[in-house]
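The values are calculated or read from the model by the stated rules, or taken from the named source; none is laboratory data. Note that this is a predicted model, so its numbers are computed, not measured. A quick note on method: Cβ atoms are made from the backbone with ideal geometry, for glycine too, and the neighbour counts reach across all protein chains shown. What goes into the accessible areas is simple: the full protein's heavy atoms, side chains included, and nothing from ligands, DNA or RNA. Shrake-Rupley method; radii C 1.70, N 1.55, O 1.52, S 1.80 Å.
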Amino acid sequence: MKTLCIQDLTVRDGNQSLLATRMEREDILTLAAALDKAGYHSMEVWGGATFDAAYRFLNQSAWEILRDIRKAAPNTKLSMLLRGQNIVGYRHYDSDILERFIRLTIENGIDIIRCFDALNDIENVRHAFAYVKKYNAHLQAAIAYTVSPVHSNEYYIDLVKKYEELGADSICIKDMAGIISPENAGQLIRALKEVTDLPINLHSHTTAGLTQFVMVEAMKAGVDCVDGCISPFSGGTSHIADGTLLTIADQLGLSYTLNREALSDAYEVANKIADKYIAKGDYRTRSLISNPKIFEYQLPGGMLTNLISQLEEQGAADRLTEVLQEVPRVRKDMGYPPLVTPLSQMVGSQAVLNVLTGERYKVSPSEIKTYLTGGYGRPPARIAEDFRQKILGSDQPFVPSNADKLEPEYEKNFAYLEELLGRKPLEEEVVAYTIFPGPVEDYMRRNELSAGQPEESFVVDAKPAREPAANSAPKMQSANMKTYLITVGSEEYKVELEEVSQSS
Ligand code: CO
């Protein structure tokens, strides 16, 4: 009897997809401890947006949270999500920073590193793969799964062959938007099984409401590992419930290492924590509604939640459909990048700007210019020429990013923090600061530099609220003027618009 391995994602992707990564440290630790007793193959607990969110929203060090999770969950392998040369940020960092980040991650308790590149550009994961191997963690190489005229199963098979050559220990089909069809889940897994003996994990989201069928087909095709969440954090833009996975496995005669009794105890713990966030309004209950339109828009779970909540909070929810319809057009112009961080933020923000300004590509995030000149690597398909011309204005060469040519940042940032803190900064502090200078410096000012001084003395340093996903934050100025703040990565765009007609 084949044993199906099950990974729980509650603390990382569940948290990111349903709570916009707002889960507090004490709840993360309580959940990790409860889930640790259930017998999962592994738990994804860190990386992705959680690193940024720790400093930005929780006023916590992401490294300390990781060490605490490790202590709270001593029996289960811990995994994290790494964006290749983008690490956990929104641009490419030099390889010295990448190596330090990976070494520290492993030293602090991570066993499995799931690594992908948003463009599936092998050059953007090559270095990360080498460092994961060098420091002896399990390298799970992930394909960013998407559907487009250029993303065939043959395309993914070629990628997996390259991953295997580069030393991958396992493969993940990372269906971040939840758009894989049941039929193709089966076909792709069977096709991959013909070219590799590496274990295959399927990661999908329940956004469209088809995941149960996807998992049935995947298990029939011999998938080795599947991802889910404890049920109070499952469904909608999140993932299939772990309990549902067990039921499917039972039906298909697969065994597993999970203990149903311990799982039920973890369920009780998770339920109470979910109640707290539902009461606080951080649990995005609208994100639980099945949305089959996702096949068209392809937004990843976390981004759709963020987009909905941002538009709702700012009273611009009525523009959501227009924005979602614009997303596939921008994506096509950009050469069909998979919509995953940071490309999802770039495409999403450009779509928001196109809709709000009423003119396509009138305003464009600087990240898109970087993309058009090669700063994020090679796009999957040709970039539309008129789009390129409109944004770049002049003919600028496309030079694919080369990590070895990026200026090393560690020494410079070490010196800056030493000056700021009046002591030698820790390596983990320099690495965190390099990836997220604004949120990490704000965190240090609040916690280390504000001792004995009133909070107000730092208000001058306060920057406008920033979010790690595409945002649109209109502020009423007058009856017919609106200012929208749109954030991409760490840059903010202010768009002022006059409303001339009420068209809906
Ligand atoms: Co995901």
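Considered as a group, the residues in region 145-168 that are polar (S, T, N, Q) and open to solvent by 10 Å² or more (accessible area, probe 1.4 Å) include one that is nearest to Tyr336 (Cα to Cα), and that residue is Ser148.
Okay, residues lined up against (1) within 30 Å of Ser181 (Cα to Cα); (2) away from the ligand (no atom under 16 Å from the Cβ); (3) within 20 Å of the chain's Cα centre (by Cα):
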position: Gly281; (1), (2), (3): no, yes, no
position: Ile289; (1), (2), (3): yes, yes, no
position: Lys293; (1), (2), (3): yes, yes, no
position: Ala316; (1), (2), (3): no, yes, no
position: Leu320; (1), (2), (3): yes, yes, no
position: Lys332; (1), (2), (3): yes, yes, no
position: Leu343; (1), (2), (3): yes, no, yes
position: Met346; (1), (2), (3): yes, yes, yes
position: Pro365; (1), (2), (3): no, yes, yes
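What's the total number of residues in region 169-215 that are assigned to a loop (DSSP other than H, G, I, E, B) and crowded, with 22+ Cβ neighbours inside 10 Å? The number of residues fulfilling the criteria is 10.
For region 12-61, a residue qualifies if it is within 13 Å of the ligand (Cβ to nearest atom) and at pLDDT 95 or above, and the qualifying residues are Arg12, Asp13, Gly14, Asn15, Glu44, Gly47, Thr50.
Within region 34-44, the set of residues being surrounded by 24 or more Cβ atoms within 10 Å (Cβ to Cβ) and in contact (Cβ under 8 Å) with a residue 40 or more places away in the chain comprises Leu35, Ala38, Tyr40, Glu44. Can you find a residue that is touching a residue at least 40 places away in the same chain (Cβ under 8 Å), part of a loop (DSSP other than H, G, I, E, B) and buried (at least 18 other Cβ atoms within 10 Å of the Cβ) anywhere in region 126-144? No.
The residue that is least open to solvent (accessible area, probe 1.4 Å), counting only those in region 257-267 that are touching a residue at least 24 places away in the same chain (Cβ under 8 Å) and in a helix (DSSP H, G or I), is Ala266. Filter region 1-11 down to the residues that are in contact with a His (Cβ under 7 Å, 6 or more places away or on another chain) and within 16 Å of the ligand (Cβ to nearest atom) and list them by number. Listed by number, the residues that qualify are Ile6, Gln7, Leu9. If you go through region 339-360 and keep only what is farther than 29 Å from Val88 by Cβ and modelled with pLDDT of 90 or more, you end up with Glu359, Arg360. When the helices (runs of 4 or more DSSP H) confined to region 272-373 are screened for residues that are open to solvent by less than 20 Å² (accessible area, probe 1.4 Å) and touching a residue at least 24 places away in the same chain (Cβ under 8 Å), those reaching at least 3 such residues are found at 301-313, 320-333, 343-357, 366-372.
Within region 393-420, being loosely packed, with under 15 Cβ neighbours inside 10 Å and hydrophobic (A, V, I, L, M, F, W, C) holds for Phe398, Val399, Ala415. With respect to the conditions (1) open to solvent by less than 10 Å² (accessible area, probe 1.4 Å); (2) more than 23 Å from Leu18 (Cα to Cα), Ile106 falls short on a single one, namely (1).
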